[in-house]
Amino acid sequence: MRFIAAAPVFFFHLSLTFIPMNPFRDQNWAETYKTIFWKAGWVGVSFFFVLSGFLLMWRSSDSRGYLHFFRKRVVKLFPSHVVTWALAMVLFAGAAATSPWDYLPNLFLVNSWFPVHNIFLAVNVPSWSLCCELMFYALFPLIAPLVRRIPRERLTLALAGCVAWTFLIAAVATVLPNSPHTDGMPISTVQFWFGYNFPLPRLAEFLSGMLLARVIAEGRLPVIRPAVAWGALLVGYVVAEVVPFTFSFIPFTFVPLLLIVASAVRRDLDGHRTWTATRTMVWLGEVSFGFYMTQHVLMYTLRTKIQHGAHYAPLPAIALILGTFAATILAGWLLYRLVELPTMKYWATARPKAVVPTEPAPAAPAVPAQRAEAEAGVSS
């Protein structure tokens, strides 16, 4: 399902018109494409955050300690990030930088904490969300024990609190100063930052995924048909097109995303084979992080440095979109094979210390949580 989250972000970025990404020459085609995918980026990132919280909570074990957990997550994020950051700097971002503040915060994944457009969306633009993920990973071992202590009858109330939090953040963002406007958006830079990029408010999505894992594990969730969950997302997506802009980021698609995850997990647990479990979709899920990290580097270089913002008739423009999509999947696979897999293999697990051989002891049975983690692999 991670690829289902990543793909809409790609189509959103390639629909933008305030920078020369949108390839359609005909204005009606350009606006139609933009309208269809205008909110897709928001939805895809929310989906990522919910999935991340759910997967980590579903597989979590306290047995290996904070440092083991955090090292594994840092090794998951940083190597691929550093490679794509360096590529972006060489291909386009370095030439535009006027000071270290334009690129160093992004390198260390702290840029989303600054309410300055050229900082929080610096260098490789999609990597702003990794600032949020890094915060989630740092907090998860501290939050997970608290989530486990919530009485089962209050889990639904806790989920409702997460939903209410997203509406509160949107309302606060609405009353923040509405100028100067950020590029291509009908709101100010500080409104956009606080309502969408600031890591602390995004904790609600991650926490909701954790809570959802407990709700399902406790058997407190009714059966949800996939058609109902996806239909709710479509309704929420349409509503997000007409509400005040800061409310279009998260609130109206948040609950449907929770329903989609819940319905898919329930079907897996009930033994129903789904299309997301096919070999192709599992492979796409594996390369989804690489796909997400390489998309902007590839499309921005193509559209601004090679094609210089050229626009095309409908059929060539569609072919360009699909060709770029396929090329990004290939780039994501290369990043996965050449960077992500090797670094996770050699650095994510602590090396055992050398010991002096002693009398052979009987093999101890594996801790169930550790065995499940080993079989499951990397979570998010």
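The values are calculated or read from the model by the stated rules, or taken from the named source; none is laboratory data. Worth saying up front: this structure is predicted, and the values here are computed from it rather than measured. Cβ: placed from backbone, ideal geometry, glycine included. Neighbour counts: every protein chain shown. Note: accessible area is taken over every heavy atom of the protein model, side chains too, but ligands, DNA and RNA are not part of it. Shrake-Rupley method; radii C 1.70, N 1.55, O 1.52, S 1.80 Å.
Some observations on this one:
- Residue in the range 3-14 that is open to solvent by less than 10 Å² (accessible area, probe 1.4 Å), assigned to a helix (DSSP H, G or I) and farther than 27 Å from Tyr237 by Cβ present: no
- For the range 5-12, the count of residues that are farther than 30 Å from Met281 by Cα, in contact (Cβ under 8 Å) with a residue 24 or more places away in the chain and either touching a Gly at 6+ places or on another chain (Cβ under 7 Å) or of a type in the set (Val, Ile, Thr) (or both) is zero.
- The set of residues from the range 92-105 being under 18 Å from Leu298 (Cα atoms) and within 24 Å of the chain's Cα centre (by Cα) comprises Phe92, Ala93.
- Residue under evaluation Thr274, criteria (1) touching a Lys or Arg at 6+ places or on another chain (Cβ under 7 Å); (2) under 22 Å from Val125 (Cβ atoms); (3) not aliphatic (A, V, I, L, M), criterion not met: (2)
- Every residue from the range 173-217 that is open to solvent by less than 60 Å² (accessible area, probe 1.4 Å) and modelled with pLDDT under 90: Thr182, Gly184, Met185
- For the range 71-88, the tally of residues that are farther than 25 Å from Phe12 by Cα and in contact with a helix residue (DSSP H, G or I) (Cβ under 6 Å, 6 or more places away or on another chain) stands at 3.
- Taking the criterion of being aliphatic (A, V, I, L, M) and surrounded by fewer than 19 Cβ atoms within 10 Å (Cβ to Cβ), the residues of the range 90-103 that qualify are Val90, Leu91, Ala95, Ala96, Ala97.
- Within the range 26-47, the residues that satisfy the criterion of being open to solvent by 50 Å² or more (accessible area, probe 1.4 Å) and touching a helix residue (DSSP H, G or I) at 6+ places or on another chain (Cβ under 7 Å) are Asp26, Trp29, Phe37.
- Subset of the range 281-305 [over 15 Å from Met1 (Cα atoms) and charged (D, E, K, R)]: Arg303, Lys305
- Filter result for Val125 (in contact (Cβ under 8 Å) with a residue 12 or more places away in the chain and closer than 21 Å to Leu335 by Cβ): yes
- The range 1-37: number of residues that are more than 20 Å from Gly323 (Cβ to Cβ) and within 17 Å of the chain's Cα centre (by Cα): 4
- Residues of the range 239-254 that are out of contact with any Leu (no Cβ under 9 Å at 6 or more places or on another chain) and in contact (Cβ under 8 Å) with a residue 40 or more places away in the chain: Ala240, Glu241, Pro244, Phe245, Phe247, Ser248, Phe249, Ile250, Pro251, Phe254.
- Helices (runs of 4 or more DSSP H) (entirely within the range 218-334) containing at least 3 residues that are touching a Pro at 6+ places or on another chain (Cβ under 9 Å), modelled with pLDDT of 95 or more and closer than 30 Å to Asn106 by Cβ: 288-300
- Failed condition for Ser60, given (1) modelled with pLDDT of 90 or more; (2) under 27 Å from Ile250 (Cα atoms): (1)
- Pro244 vs. criteria within 26 Å of Val125 (Cα to Cα) and open to solvent by less than 10 Å² (accessible area, probe 1.4 Å): no
- Of all residues in the range 144-172 being open to solvent by 50 Å² or more (accessible area, probe 1.4 Å), under 17 Å from Val255 (Cβ atoms) and free of Cβ contacts under 8 Å to residues at least 40 places away in the same chain, the one that is nearest to the chain's Cα centre (by Cα): Trp165
- Candidates are the residues of the range 38-66 that are under 21 Å from Pro186 (Cβ atoms) and not in a helix (DSSP H, G or I); the one that is nearest to the chain's Cα centre (by Cα) is Lys39.
- Matching option when the condition is out of contact with any Lys or Arg (no Cβ under 7 Å at 6 or more places or on another chain), within 30 Å of Val147 (Cα to Cα), modelled with pLDDT of 90 or more and of a type in the set (A, V, I, L, M), among Leu55, Leu67, Leu87: Leu55
- Single residue of Leu87, Leu91 found to be of a type in the set (A, V, I, L, M, F, W, C), out of contact with any His (no Cβ under 8 Å at 6 or more places or on another chain) and either closer than 19 Å to Val287 by Cα or in a loop (DSSP other than H, G, I, E, B) (or both): Leu87
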